[in-house]
Amino acid sequence: MQTHFSPAQLADPGLAESEAILRKCVHCGFCTATCPTFVLLGDELDSPRGRIYLIKEMLENGRAADAETVTHIDRCLSCLSCMTTCPSGVNYMHLVDEARVHIEKTYSRPFGDRAVRMLLGLVLPFPWRFRIALRTAALATPLIPFLSRSGRSGERLAAMLRLAPIRLPWGSSFKLGTVRPEARPVARVALLGGCAQKVLRPSINDAAIRLLTRLGVEVVLPRSEGCCGALAHHLGEEREALKQARHDIDVWTAEIERGCLDAIIITASGCGTVIKDYGFMLRGDPTYARKAARVAALAKDITEFLATLAPPEPVNKPGLTLAYHSACSMQHGQKITTLPIELLTKAGFTVRDVPEGHLCCGSAGTYNILQPEIASELRDRKVANILKTAPDGVATGNIGCITQISRGLDLPILHTVEWLDYAYGGPKPGGLA
């Protein structure tokens, strides 16, 4: 793609990076076939190629974002399926991230839109606030019909209430600090506590801790760790995202210096995609660039790290058939595709791929709140494809997908590590008969 950025514009590192990405695009359109919003809506501007044109025009002319550009960029799930398909290596992730930052700096959103986005940013990254909000949501569910008929902002609040669980689980069984295996440790890792996952499904990290320590791994649960910055990052709130990233980098760096870390384990693939990108996000920060790159290099999805260990023979052999839903952030963001299936198969499960597995389920961070209509269509499509495999349950690697799909599926849907922990001697997960 031909570009016409001025030398002054290219002095900005963000614009220079965007210009280099734009030049790689050859307009081939392969990305349109795997873009969820284009598949549903059929609008060229709701495809990666169309959005690239909008972003180029906006950034190249140095103009403020307009309503049409914002509409189509907001509809992007950031599922990154287009990056898997692209034959030219266009880094759409970094391009759309830059566009979102530009939008938040130059576009004045309607009041209701600003209020909902601000609410998400103030609540979701903070577990105690999120827990209180969910308990309040349970009381507000009678308002859903009214909110659904009260405009765009009301629809989003209604979507938020629909996603809230009726009951919340108790917190983790493990205290912050260090959890040691019975024998001499074969490795030492830090485990990301997470934000929403810590409230909605603490059993995921509990399963990871049990399984890791059973395999001889010492697990550190840092006391002052916070949100990784993923949510703010996808909302275009660059300053807040980098602030949260720097905080966690400091926490993990202290652990590295205290006793070395073999890995930073992440059980939410959406967080993993962002943490693995810390080196890029903070490349221009003289204080944090090297530390961010070191943390990014240590970041591993739980399945990546488990694959380096030697598991024993499975203890429990339930003989279940599982549909494996590969989260977008896992298969497209981190390029982890067959590994979870291999681990589950070795553990004794029969695993089936889901048709149209490259298409997003509609969760995408806060997408199912901000774009509830499209998210619901994608969820229903995903559920229908899962049911085609006739499974006993579903395995996936992201809390957002679990929350989204469970709203339309009456089957046990568990994190991959919960299934593995059960197979290798852990307790039977909730929801299994």
Quiz item: Of all residues in region 5-59, which are closer than 27 Å to Leu282 by Cα, open to solvent by 30 Å² or more (accessible area, probe 1.4 Å) and among the small types (Gly, Ala, Ser)?
Solution: Ser6, Ala8, Ala11, Ala16, Ala20
Practice problem: State all residues of region 301-327 that are open to solvent by less than 40 Å² (accessible area, probe 1.4 Å) and either among the aliphatic types (A, V, I, L, M) or over 16 Å from Ile413 (Cβ atoms) (or both); if no residue qualifies, say none. | Solution: Asp301, Ile302, Thr303, Phe305, Leu306, Leu309, Pro314, Leu320, Leu322, Ala323, Ala327
Quiz item: Just to be sure, is Arg290 closer than 27 Å to Gly425 by Cβ, modelled with pLDDT of 95 or more and either in a strand (DSSP E or B) or open to solvent by 20 Å² or more (accessible area, probe 1.4 Å) (or both)?
Solution: no
Quiz item: Since His332 meets every condition but one in (1) part of a helix (DSSP H, G or I); (2) within 30 Å of Ile256 (Cβ to Cβ); (3) free of Cβ contacts under 8 Å to residues at least 12 places away in the same chain, which condition does it not meet?
Solution: (3)
Quiz item: Across region 389-405, what is the number of residues that are open to solvent by 40 Å² or more (accessible area, probe 1.4 Å) and either in contact with a Leu (Cβ under 6 Å, 6 or more places away or on another chain) or outside any loop (DSSP other than H, G, I, E, B) (or both)?
Solution: 1
Quiz item: Would it be correct to say that Ala375 is among the hydrophobic types (A, V, I, L, M, F, W, C) and in contact with a Phe, Trp or Tyr (Cβ under 9 Å, 6 or more places away or on another chain)?
Solution: yes
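Rundown of residues vs (1) over 17 Å from Asp97 (Cβ atoms); (2) of a type in the set (Gly, Ala, Ser); (3) at pLDDT below 95, yes/no style:
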| position | (1), (2), (3) |
| --- | --- |
| His4 | yes, no, yes |
| Ala11 | yes, yes, yes |
| Leu15 | no, no, yes |
| Phe30 | yes, no, yes |
Quiz item: For region 293-303, does any single residue satisfy the condition of being assigned to a helix (DSSP H, G or I), of a type in the set (A, V, I, L, M), within 30 Å of Ala115 (Cβ to Cβ) and in contact with a strand residue (DSSP E or B) (Cβ under 8 Å, 6 or more places away or on another chain)?
Solution: no
Quiz item: Taking helices (runs of 4 or more DSSP H) that do not extend beyond region 224-281, which have at least 1 residues that are closer than 17 Å to Leu124 by Cα and polar (S, T, N, Q)?
Solution: 238-259, 269-275
Quiz item: Scanning region 172-230 for residues that are without any contact (Cβ under 8 Å) to a residue 40 or more places away in the chain and among the β-branched types (Val, Ile, Thr), which turns out nearest to Thr396 (Cα to Cα)?
Solution: Ile209
Practice problem: Could you figure out which of (1) under 30 Å from Ala115 (Cα atoms); (2) touching a residue at least 60 places away in the same chain (Cβ under 8 Å); (3) open to solvent by 70 Å² or more (accessible area, probe 1.4 Å) isn't true of His233? | Solution: (3)
Exercise. Please report, ordered by residue number, the helices (runs of 4 or more DSSP H) entirely within region 106-189 with at least 1 residues that are surrounded by 14 or more Cβ atoms within 10 Å (Cβ to Cβ) and at pLDDT 90 or above.
Key: 111-123, 127-140
Practice problem: Can you tell me which residue within region 190-215, out of those that are open to solvent by 20 Å² or more (accessible area, probe 1.4 Å) and aliphatic (A, V, I, L, M), is modelled with the highest pLDDT? | Solution: Leu215
Self-check item: Selected residue [over 27 Å from Phe38 (Cβ atoms) and aromatic (Phe, Trp, Tyr)] from Tyr278, Tyr367
Solution: Tyr278
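The values are calculated or read from the model by the stated rules, or taken from the named source; none is laboratory data. Not measured: the values here are computed from a predicted model. Reconstructed Cβ throughout: ideal geometry from the backbone, glycine too, with neighbour counts over all protein chains shown. For accessibility, only protein heavy atoms count, side chains too; no ligands or nucleic acids. Shrake-Rupley method; radii C 1.70, N 1.55, O 1.52, S 1.80 Å.
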